[in-house]
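The structure appears right after this line, and notes come after that.
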Amino acid sequence: MRKPVMAANWKMYKTAAETTAAIEKLKPLVAGSAHADVVVCAPFVDLPAAVAAAQGSNIEVGGQDVFWLKEGAYTGEVSASMLAAVGCRWVIIGHSERRQYFGETDETVAKKTVAALEAGLKPIVCVGERLEQREAGSTEAVLAEQFSGGFGGLTAEQFGGLAIAYEPVWAIGTGKTATPEMAADAHRFLRAQIRSRFGEAVAEACRILYGGSVKPENVKALMAQEELDGALVGGASLDPVSFAAIVNS
């Protein structure tokens with residue numbers, strides 16, 4: 001049985017003080033949520049506050065991006081070892097907003113994933129199709145290309161240290177959500193890709209999250225699908241009560 005991952009992606013919201021207040025409010029609401037890994041991915045500048053606030057609780061902290069080199073003249077970038085040193089356990093890689101606005105590619109996703117794993121972080125690597133790609137019937141082709149480009153160079157041991165988030169781009173921040181059946185089909189296809197590349201045991205162990213307008217109102221129907229191993233939650237995670245309802249669904 002795969003333990004679900006319920007991860008909050010706060011994107012570019014909350015100051016350090018707001019981060020502390022939100023996590024302090026969240027802690028008692030998820031204190032009994034041993035059924036899942038509870039993760040909060042905060043902006044870089046808020047990570048020390050998030051780690052301090054989460055100390056002694058079952059909440060783990062993650063970054064929202066990472067650079068693939070350990071150090072150097074790369075103004076504005078943050079390395080995996082820096083995230084680990086501040087107390088992060090997780091990191092999101094390849095989110096659709098990074099791909100759309102900042103030129104993230106399957107190649108950079110692969111390099112960032114390796115860097116995160118080498119630093120002892122647990123990557124949540126995002127894949128997903130745009131609306132026009134789904135309407136053209138090319139969802140599986142897009143996922144296969146992203147899988148090959150982002151994970152093709154990993155060993156089975158490396159791959160075992162990460163989670164995947166399927167996030168259809170057309171459902172990010174739009175209010176639209178893939179039906180539970182659509183999400184399950186995509187997750188099933190991704191698991192088949194894992195099985196083909198890394199073998200049955202790795203495929204069965206890999207946790208595949210769903211991301212895309214997950215809310216308290218729709219999470220139960222989504223999580224009822226056997227193929228869904230948790231959620232990567234955007235806007236609905238900004239409110240601790242809302243996120244706790246999702247975690248405890």
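Could you calculate the FRET efficiency of A141 with E204 from 1/(1 + (r/R0)^6), where r is the beta carbon distance between them and R0 is 25 Å, rounded to 0.05? My answer for the efficiency is 0.55.
Applying 0.36 nm per residue to the separation of E217 and R195 and subtracting their alpha-carbon distance, the gain on full extension is 4.7 nm. For the range 144-249, the Kirkwood estimate of the hydrodynamic radius, built from every pair of different alpha carbons, is 14.3 Å.
Under a 5 Å amide H cut-off, with hydrogens placed 1.01 Å from N, I93 pairs with I124, V125, C126 among residues at least 5 apart or on other chains.
Summarising the overall dimensions of the range 1-114 from its C-alpha atoms, the Rg and Dmax are 14.6, 44 angstrom.
Applying 1/(1 + (r/R0)^6) with r as the Cβ-Cβ distance of N248 and E157 and R0 = 25 angstrom yields a FRET efficiency of 0.15.
Taking Lys and Arg as +1 and Asp and Glu as -1, the other residues whose beta-carbon sits under 11 Å from that of A22 total -1. Around the amide H of G173, modelled in the peptide plane, lie the amide H atoms of S213, all under 5 Å away and 5 or more residues distant in sequence or on another chain. Taking a straight line from the alpha carbon of K111, these lysines sit under 19 Å away, with near neighbours fewer than eight places off in the same chain left out: K70, K122. Here the range 44-97 and the range 119-163 have alpha carbon centers that stand 21 Å from each other. Applying a threshold of 25 Å to the alpha-carbon distances of K25/K176; K25/K220; K11/K112; K25/K112; K14/K215 flags K25/K176; K25/K112 as lying beyond it.
Volume per residue for the chain equals 115 cubic angstrom (convex hull of Cα atoms).
Among 71-77, 45-51, 160-166, 171-177, sorting by the average number of other beta carbon atoms lying within 10 angstrom of each residue, highest first, gives 160-166, 45-51, 171-177, 71-77. For the chain, modelled as a GNM whose springs connect Cα atoms under 10 angstrom apart, the maximal fluctuation among E18, E157, E104 occurs at E157. The chymotrypsin sites (Phe, Trp or Tyr not before Pro) found in the range 6-72 that occupy coil by DSSP, while having at most 16 further C-beta atoms within 10 Å, are Y13. For the chain, the relative contact order comes to 21 percent (Cα pairs under 8 Å, sequence separation of at least 6).
Readers should treat all values here as calculations from the given coordinates under stated rules, not as data from a laboratory. Keep in mind the model is a prediction, meaning the values are calculated, not measured. Counting neighbours? That spans all protein chains shown, and the Cβs are built from the backbone with ideal geometry, glycine included.
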